[in-house]
Every structure is written in structure tokens, then in C-alpha cells.
Amino acid sequence: MLETKPQNFIEQIVETDLSSGLPSSALRFRFPPEPNGFLHIGHTKALGINFGLAEKHRAPVNLRFDDTNPSKEDQRFVDAIKKDIKWMGYTWSKETYSSNCFEQLYLWALELIKKEHAYVDSQNSSTIATQKGTPTSPGTNSPHRNRPAEESLALFESMKNGESKEGELVLRAKIDMSHPNMLMRDPIIYRVIDKPHQRSKNKWRIYPMYDWAHGQCDYIEQISHSLCSLEFRPHRDLYDWFLSTIKAQGDVSGLRIAPKQREFARLNLSYTIMSKRKLFSLVEQNHVSGWDDPRMPTISGLRRRGYTPNSIKNFISKVGVAKRDNVIDVSLLEFCVREDLNKSSTRAMAVLNPILLKIVNYPQNKEEELFFVDNPESKEPNTRPLTFNSELYIEKEDFSADPPLGFKRLSIGSEVRLKSGYIVKATHVELDSSGNLIAICCEYDPKSLSGSGSVESQRKVNTTIHWVCKKTALSAEVREYERLFTSPSPDSNPDIPFESYINKRSLQIRKAFVEPFLQKAKPSDKFQFQRLGYFNTDDDSNAGQLIFNKTVSLRDQKIKKPRPQTANEPPELKPIDAIKKFGKKYAKLSSDKQSIAKQEVLSLSQKITLNDLTPLFSTSVKKRGTRAVVLISLSALKSRGVLLSDEAKGFVAKALDDQEQWIKDLSNNIM
């Protein structure tokens, strides 16, 4: 028996209204975005609630653009919002605009003035705000509160005709300046904005405030349930007052349904900001490349990063509908997309930090086709061929010349399996003239081909690593994204600008190699790069320049909070102490591992001074490892232009007489 999901409180409200006599044919919902920015992940909750109820009850949903502020709105935002809603898989019944109702709102405002429910105030905004009082003290009436209706009508007409400047006159509802809800203390319902409207152009100079337009547009469109987020709960008193006052005036022919406003908790997400004003600031200050930057929480940004409508809907379903605000961990959203992409994405091989792997016992002129499964989660998985030869690329991180305890990938003398291929064992490395690693040399077991059924193919090795063939691999740009903010609540402290928490490493661009199959990848095609994560083909990608955006890692990577150091935890090593530690084992390392260690010591030497090394100049002749790292460090200091002391020169001269040639060679590099 299938488990029935319990109704949330919004669904219960609708069911109660239906059981109390509201005809199901009267159900109508709306989604009313303001076209002053792109939709973000927070809006998907409102979308899910409204369109979910509509689907359940076979009721229509209006897409209404709340275009009451021409100074901030733009047609490109309208187009982006419509694109996002369609992409999410929702279909609206009617596309409407608050501006469609401007004429009726104006006529109702005239009636409010005539019935002395509204008046024109000549005070400036700061004076009006001061007169409103505080939550614990009543407000003060405006000196214009009892202005004759005829005078207010004339002034309102002058506002409409563009005869008054912005901020000189406003129309206020006459309610109660001592009301405990400060929104009821004679709120402004019209102001002058001397800018052309995106749709009505220069027809209007007066524009309704949100609270005046919101409920009345719901009423005109015959919305049965006006559902909004919890911050609008205090607005409900005003919503109901406007509706009851208009209905009492009598001029509401044909409007049978009085809408009902109800509120639900908004969606708050960790490591994320939801304010459109702040998102706009990120775009304007070039912290991101645009509203669709994959680091942005906008629907278009999530789409470009590789999120799917199904993953977002599943996330909203898991979050649920609550009456109290809370913060949802962003890892839940990442889990949902990871779960969805695991089922649907094609597997592919890509190497983001390549190093050459040479198979020295594989015939140089030989090539063969190996077969790779495109999606093992599919009910009917397919395979495709991969070219294999003696030169491959693997990840640099998959090899260590000096493997730490527990390292299970490739190192000198150890074995790994190449994905869908053979078992290989590293034998030695190739370095350039500066001692940098340029190739790993290995031998393969020709009888160990994966899936061949041989005894050798079933031999267990520590791990399997991915690869691409050097000859056939394609270059690609891979954009690895991290969270845009370093703080889980970047805008919670009003004294600290949210921009100060921007993660400087939120975008890392890599020059990678990918298998040739990916040349046909189209924008929005999704892949699981083996062992690396899920990636989406970017909108700007093409066959000549492949671009992939990292959507999410294969596993949840929780950010650990820094722990205070305890008495049992050793402090982090200083650079000179780390050099000393290398010295204790340097002489015992193989030549390949010494080359790697040398690079580490040279790097550490950039952070020390000659005084740090001075105590080591008296090191015993027998401690050749320590003497070696001191010589390496001295060469680094000299290359930085540091003048060597007489004591340092004496140390080098003494090393020239050492019995070991490799010590002499290090000394000669300095002399």
C-alpha cells in the first residue's frame, strides 16, 4: 500500500474552503513576481505551492507581473521570468500585469477620496515616517488628514497629470494613526514617479503602492487564494481593509469571489542570499558574470550550472510548507541534484590536472579499442569504444612519489587499474631540467584487461583511476565552482557587508583533456566525469571550444568548522621545521622521491630567512639528509638575491669535500 503524504496547512485551508461551500470552479491561484530581477531558488517554493495546488484541483494559475515601479522594471526581466517558469515545467493560464488594472485602481482611489477614506498629503516622506510613531506609541495625524475631498481630488488629478514633482504629494488611506499594526497608520497608496512605464509608456505619472495594487488586482482577477511568504503577514490587515472598503462602496459588479491572503514560511538557504537588491549588486559590481552566473542562486544560474527542474522540485518537496521561517542547509539541494543526475547523466572520462602516463612495455605503434559503459544506473546501459595506447593522461593527484600512509593510488612499485582497461605498475618518473615531474613510467599486465574473464583480470588492486588517451583527447575548459560565500549566513550581520564574505576561490578554471565522445556535447548536456563529479555543458560551449561547468561533487563535501587547537594537537609546522623534517629522511629516499622532496624544500625556502638556517650550519657530517636540505635552501635564498654570510659559505665549502657525490653536486649548484 502506498504511503499517503499528509496535507500541509495551505492544502488544508483550501480543502476547508471547498468543504464550506466554495465551488471548485472558483479556485484560481496566482504567481506575482516583480519584473526587477531574475527569479531565484526562493521563488521556486511559491511556484511549487501555487502550481501544485492548481494541478491537484485542476485550477488555473495566473502569471501576474507586479509592474508598479517603472524605475526598476525592465522587459528583459519579464522574458527571463517566463523562460524560467517554462523551464521548471509549469504552465500558466493567463499572463497578466498589474498595469492592466491601473485604470480600475485609479477609479477606486477616486471613490476612496470621495467617501473620505483617502486624502492627499503634502508632507515629505521623512515627516510622514516620523508621524507614524513607533510600535509602542501611537502616531500623529497629518495636518492634511481632514483636507476636503474636493481639494484632495483636485490635487490627485494634478499628480496624475504630471503637474507635481516626485515626493511633493502622495495619496494616503485614512485608517487609524493609533492602530497597533503600523502598516494601518494611513499608508501611502499612490506616489508620483516621473518615468515612462515599460508597457503603458507615458500614460501615467502616478503609480500604486504594492499594498494597494496587490489585493485589488487579486480581486479583479478573481483569485481565490492569494498565497505569499511570511513577511507579508502584517500586510494582511491592510489587504482585508482595502477589499472590505471597496466592496462597501458598491461598484464591484461581476466580482463574486473575495480573495483570501494566507502566508507560508519563505525559503532561506545557507551560504546564499535571496535579496534581489543584493543579487543585483553582485551583478552590477562584477562579483559575478551576470544573473545567470552558475554561482548565483537564480533559476537561470542553477540551470546553467547543471541543476534540473526535477531536482529543484524534489528539493522543494523535501523542504515542505511551514508556518515558521528557518534556514535549510544548502547540502540538501546538492543532494537532490546529485541523486537526480546519478540516474540520468552519461558517464565520461576527463582529466582536469593532467600528467603524462607512459606504458613502457606496451607496443608503441599499437592501438586498441576498450569499451566503456555510458550509465550503469540505466536499465539498458550502452557501451562506447575508447582508444587505448602507450601514452595516456591521468590526474596528477593520482600519483605520489612519496606516498603518505594510506595512499592507495599510483606510486613507484604500486599497482592500480585503469578504468575499463589494464592493471599498471609505476616503475620510475621523468623530470625536466628543473626537477619538475613531466611523466610517470609504468608497465602494464597484458592479461589483466577488465572484463576479459582471465585470472589476471580478476586480481584485486587498491583502486581504479580514470584516464584519457593522449592521441585522441580533446582540450576543454572546465569551470569548477564552490559556494559563492564563505559564511553560512552572509547577510545576517547588518554591521558587516555581505560582500566581505565573497569566496575568492568560488571559480577555478582548468585546462583539461576529455575523451573525443564529448565533442558532440550540446549546451545543457549533463555528464558524470568519472571520480570527479557532475558537469553541465555550458551555454557558450561549442565543438571548437568545449566548456563544462561543475554542478556538484560525487559525494557530499561538508565544510568543517575550524576547531580550537587542543593540548594534544601539535601546532602547524613552521617552514624551517618542515624543512628539518624533510632532512631526516632525505638521504634514504630514492632518486625519484628526492626530486619531489627537493621541490617541496625549494617551495618552503621562499618563506624562511638566512637566520633560520644558521643553527643548522654545524650539522654533523653524518647527517647528510639535513645537510642536503640546508644546501637546497641556501640555493633558493641565493636565487632570491640573499647574500650568503661567511658562516654559510664555510658550510658550502665543507660540503664540497664530502665523500658523497650528490652532496658535492648540491654544493656546486650554489658555488
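The values are calculated or read from the model by the stated rules, or taken from the named source; none is laboratory data. Only a predicted model underlies this, so the values are computations on that prediction, with no experimental measurement involved. FYI the Cβ positions are ideal-geometry reconstructions off the backbone, even for glycines, and counts take in every protein chain you see. Accessible surface is based on the protein model in full, side chains and every heavy atom, while ligands, DNA and RNA are left aside. Shrake-Rupley method; radii C 1.70, N 1.55, O 1.52, S 1.80 Å.
A Förster radius of 41 Å, combined with the Cβ-Cβ distance separating ASP329 from TYR210, puts the computed FRET efficiency at roughly 0.85. Taking label points 7 Å from Cα along the Cα-to-Cβ direction, MET274 and ASP240 give a separation of 2.5 nm. Pairs of Cα atoms nearer than 8 Å and 6+ residues apart set the relative contact order; for the chain it is 9 percent. Pairs LYS581/LYS664; LYS278/LYS520; LYS203/LYS260; LYS460/LYS580; LYS203/LYS278; LYS598/LYS649: which are spaced more than 28 Å apart, C-alpha to C-alpha? In this structure, LYS278/LYS520; LYS203/LYS260; LYS460/LYS580; LYS203/LYS278 lie more than 28 Å apart at Cα.
Stretched out straight at 0.36 nm per residue, the stretch from ALA653 to SER137 would grow longer than its current Cα-Cα span by 177.1 nm.
Over 28 Å between Cα atoms: which of LYS343/LYS550; LYS504/LYS593; LYS408/LYS447; LYS56/LYS323; LYS174/LYS247; LYS313/LYS511 fall into that group?
Checking Cα-Cα distances, LYS504/LYS593; LYS313/LYS511 exceed 28 Å.
Taking θ as phi - 60° and the Karplus parameters 6.51, -1.76 and 1.60, the scalar couplings of the stretch 388-400 work out to 10, 8, 7, 10, 10, 10, 10, 6, 4, 5, 8, 10, 9 Hz in sequence order, x denoting glycine and proline. Here the accessible area is traced with a 1.4 Å probe on the protein chains. For the chain, carbon and sulfur cover 48 percent of it.
Between SER434 and MET182, the contour length at 0.36 nm per residue exceeds the Cα-Cα span by 83.4 nm.
Between GLU368 and ILE509, what FRET efficiency follows from the Cβ-Cβ distance if R0 is 35 Å, with the result rounded to 0.05?
0.55
Per residue, the chain reaches -9500 deg cm²/dmol at 222 nm when only DSSP H runs of four or more residues are counted, each adding -39500 (n - 2.57). Take every Cα pair under 8 Å whose residues are at least 6 apart in sequence, average their separation, divide by the length of the stretch 206-329, and the relative contact order is 26 percent.
Karplus-based coupling profile of the stretch 216-221, in residue order and whole Hz: 6, 5, 4, 5, 4, 7, with θ = phi - 60° in 6.51 cos²θ - 1.76 cosθ + 1.60 and x standing for Gly or Pro. Its Cα gyration tensor gives the chain an equivalent ellipsoid; the semi-axes, largest first and in whole Å, are 67, 33, 21.
Straight-line cross-link partners of LYS94 among the lysines, defined as a Cα under 17 Å from its Cα and at least 8 positions apart when in the same chain: LYS82, LYS83, LYS86. With the biggest extent put first, the Cα atoms of the stretch 103-247 measure 39, 38, 26 Å across the principal axes. Angle between the Cα long axis of helix 575-586 and the longest principal axis of the chain, 0 to 90 degrees, nearest 10? Rounded to the nearest ten degrees, it is 40. Scaling the Cα radius of gyration of the stretch 183-269 by the globular reference 2.2 N^0.38 Å produces a ratio of 1.23. Classify the stretch 209-253 as rounded, prolate or oblate from the Cα gyration tensor: take a ≥ b ≥ c as the square roots of its eigenvalues, call it rounded if a/c is under 1.5, otherwise prolate when a/b beats b/c and oblate if not. Here the stretch 209-253 falls in the prolate category. Computed on the Cα atoms alone, the convex hull of the stretch 249-295 gives a volume of 180 cubic angstrom per residue. Charged neighbours of ASN69, selected by a Cβ distance under 10 Å, balance to -1 (K, R count +1; D, E count -1). Full extension of the chain segment joining ASP540 with GLU284 gains 90.0 nm, where the gain is 0.36 nm per residue of separation less the Cα-Cα distance.
In µm²/s, what is D for the stretch 112-187 at 37 °C and 0.692 mPa s, where D = kT/(6 pi eta Rh) by Stokes-Einstein and Rh is the Kirkwood radius from Cα pairs?
Translational D for this selection: 259 µm²/s.
Can you give me the angle between helix 102-114 and the longest principal axis of the chain, using Cα atoms only, in degrees from 0 to 90, rounded to the nearest 10? The angle comes out near 50 degrees. Note on the stretch 410-539: Kirkwood radius taken over Cα pairs, Stokes-Einstein applied at 25 °C and 0.890 mPa s, translational D equal to 132 µm² s⁻¹.
Note on ASN124/GLU600: beta-carbon distance plugged into 1/(1 + (r/R0)^6) with R0 of 41 Å gives a FRET efficiency of 0.05. Counting only the Cα atoms, the stretch 313-436 fills a convex hull of 176 Å³ per residue. Taking Cα atoms only, the orientation of helix 330-344 departs from the longest principal axis of the chain by about 70 degrees. Per residue, the chain exposes an accessible area of 49 Å² to a 1.4 Å probe, with every protein chain left in place. The radius of gyration of the Cα set in the stretch 241-338, together with its Dmax, comes out at 19.3, 56 angstrom.
As a ratio to 2.2 N^0.38 Å, the alpha-carbon radius of gyration for the stretch 39-94 is 1.20. Counting only Cβ charges, +1 for Lys and Arg and -1 for Asp and Glu, the dipole size of the stretch 30-107 around its Cα centre is about 380 debye.
The calculated pair-distance distribution of the stretch 296-374 uses every alpha carbon pair, bins of 5 angstrom beginning at 0, and gives 3, 10, 15, 15, 13, 10, 7, 7, 7, 6, 3, 2, 1, 1 percent.
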